[in-house]
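Enquirer: Before anything else, here's the structure in question.
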Amino acid sequence: MLIDTLMLPEDTLIESDVCIVGAGAAGITLARELRGQPYKICLLESGGLDFDEVAQSLYQGANVGVPYFPLSESRARYFGGSTNLWGGTCRPLDDIDFEYRSWMPYSSWPFTKAELNPYYERSQKVCGLERFDYEFADWENDLRRQHRFNLPLSQERVVTYIFQVMSRERLRFGEVYKAEFEQAANINIYLHANVVDIETNDTAKAVTRLRVANLAGHKLWVSAKIFILACGGIENPRLLLASNSVCNNGLGNQYDLVGRFFMEHPYIRSGKVLLTKPNALYPTGPQQKIQVAQTRLFTALALSKTVQEREQILNFAIRLVPIVPEWLKALQRLKSRDWQKKGLDDRLSAVVGDLSKLIANLDEVIARIWVKQIKHPPFPQQFFETHLISEQAPNPDSRVMLSCERDKLGIPRIQLDWRLSSIDKYTIYRSQQLIKEELAQTRLGSMQIELADDASWRSLLERSQQILDEAIARSDSRQLEIVLHEDKYWQSLRGSYHHIGTTRMSTNPKLGVVNADCQVHGISNLYVTGSSVFPTSGLSNPTLTIVALAIRLADHIKDQMQVGVYQEAIPFCYQVNP
């Protein structure tokens with residue numbers, strides 16, 4: 001049942017057995033796994049069923065570290081959470097991501113990937129994906145039938161990563177699973193329900209209830225036996241830090257770890273690759289994904305585990321994105337222009353602009369038409385822009401903190417200080433070098449690297465800061481332009497809208513906020529799930545792992561309820577207790 005808190009009386013008390021905070025990928029998956037159980041589930045969603053600008057504004061915060069996206073734009077605050085924004089790219093983490101790596105401080109998970117694999121397989125179904133196959137060998141025969149062959153690189157050094165992409169019909173978890181929840185007898189979903197405080201007993205060893213509010217000013221309360229935060233890598237630590245009435249530093253923060261170890265997937269468009277022979281694994285047309293039966297795939301070049309260990313670098317991959325000449329883009333626009341959507345002046349201006357591009361490159365246009373007429377491939381080579389995707393090492397100084405500013409509900413806003421370590425930048429530069437060497441040795445192509453190495457980058461930063469200080473003192477705009485130009489490639493580094501690691505998992509409470517079962521250390525009935533519990537980020541998009549961990553936590557909750565670790569379940573009823 002879906003219930004709008006805007007319709008409930010002031011100070012309504014909602015009683016439940018399990019209360020889940022956040023209806024995104026983690027919260028929805030968790031609730032679905034607990035559907036049909038003999039106890040009552042309460043799922044709280046801050047927003048409504050659709051985007052609302054005022055609700056979204058609750059996400060506003062400040063970026064004080066590496067340049068980052070506006071925080072209010074990097075996630076979605078309505079039913080379905082950030083699945084309302086994502087593109088559906090799925091891939092599990094790699095074995096090495098779970099392992100201890102001597103060159104990476106704070107590495108390793110409390111369990112291996114093998115333990116998570118059964119939950120990964122179950123998460124495939126949640127995401128509408130058929131095969132739990134992510135090795136190139138799993139798809140090789142299917143791809144061969146489409147005349148798509150792996151680049152003959154040394155698999156000891158460079159490997160091909162496979163990513164699966166969900167169908168558009170399955171992307172928005174709120175839309176996909178809404179009907180199921182409406183029919184679920186033991187689940188109530190509360191919309192416009194913002195948790196503003198987590199209340200505990202006097203010793204902060206157990207949560208007693210949640211204080212909830214909506215933007216209309218109504219206050220409610222939720223009591224339960226088990227509470228689970230599933231709000232994402234920024235809101236999970238925000239709620240823990242802001243709930244400080246008993247513990248001054250916030251809940252689960254006895255070792256000052258909540259909010260620390262914020263990780264992203266550094267993403268840069270930089271560098272070029274030229275393949276000497278066309279390869280259908282890297283299509284040059286507008287459709288870059290590969291269709292095998294009902295599954296869409298795309299590929300990336302990555303460094304093997306052996307190379308990562310030898311070079312002491314992080315997980316890294318390169319997507320090859322075809323470079324389309326401007327004249328060809330102009331021709332495509334002329335062929336597909338929608339004449340009805342623009343006024344006459346705009347249409348004429350656009351046509352003149354595109355025709356000028358064609359005329360300026362007339363020799364290339366004629367050559368392409370001639371080659372196409374004699375039925376040869378349009379280009380004997382393939383030219384790509386490289387999109388670099390990298391793992392980020394856990395760094396305690398990269399963190400989410402509370403600011404002095406408060407939102408409309410009175411909760412302190414977030415201040416994000418995203419920081420990169422030397423190993424993060426070295427990985428990006430050195431990995432490109434290694435892939436460039438492999439392409440050259442195998443004579444498959446060549447690669448242009450545009451980023452400076454880490455030593456040069458540090459030197460440039462120091463020199464840039466000095467020049468910057470002097471330029472500001474003299475109001476010298478020319479010197480400022482030099483600084484910006486020299487550092488332009490590293491300045492293009494951005495994240496991937498992935499918020500990871502702020503309530504990390506560890507068996508040692510001095511190294512993590514939650515244990516291997518996602519329970520907050522020292523609090524008997526409070527759990528956290530989602531990418532905030534990842535100890536390391538890997539380079540794979542996090543949602544498949546988020547779903548797998550939510551299924552794993554659901555199984556744990558079922559076991560705990562079955563053996564009576566928590567008190568006898570509240571008899572289910574539809575009535576909301578005032």
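Enquirer: Work out from phi, with θ = phi - 60° and the Karplus expression 6.51 cos²θ - 1.76 cosθ + 1.60, the ³J(HN,Hα) of each residue of region 83-97, listed in order in whole Hz, and give x for Gly and Pro.
Expert: These are the phi-based 3J(HN,Hα) values: 5, 6, 10, 7, x, x, 6, 10, 6, x, 5, 8, 3, 5, 5 Hz.
Enquirer: Sort 135-148, 265-278, 235-248, 541-554 for me by packing, meaning the mean count of neighbouring Cβ atoms within 10 Å per residue, highest on top.
Expert: Peptide ranking by packing, descending: 541-554, 235-248, 265-278, 135-148.
Enquirer: I'd like the distance separating the alpha-carbon centroids of region 173-201 and region 21-85, in whole Å.
Expert: Region 173-201 and region 21-85 have Cα centres separated by 11 Å.
Enquirer: Would you please put 292-305, 221-234 in order of how densely packed they are, using the mean number of other Cβ atoms within 10 angstrom per residue and starting with the highest?
Expert: 221-234, 292-305
Enquirer: Now for a different question. Cβ neighbours within 10 Å, averaged per peptide: list 154-167, 437-450, 185-198 in order, most packed at the top.
Expert: Highest-to-lowest ranking by the protection proxy: 185-198, 154-167, 437-450.
Enquirer: Cα-based Rg of region 123-269 per 2.2 N^0.38 Å, rounded to two decimals?
Expert: 1.55
Enquirer: Through the Karplus equation 6.51 cos²θ - 1.76 cosθ + 1.60, θ set to phi - 60°, convert the phi angles of region 544-558 into ³J(HN,Hα) values in whole Hz; use x for Gly and Pro.
Expert: 4, 6, 4, 5, 4, 5, 5, 5, 4, 5, 4, 4, 5, 4, 4
No lab work stands behind these numbers, since they all come straight from the coordinates. These figures come from a predicted structure and were not determined experimentally. Ideal geometry is used to build each Cβ from the backbone, glycine not excepted, and the neighbour counts take in all protein chains shown.
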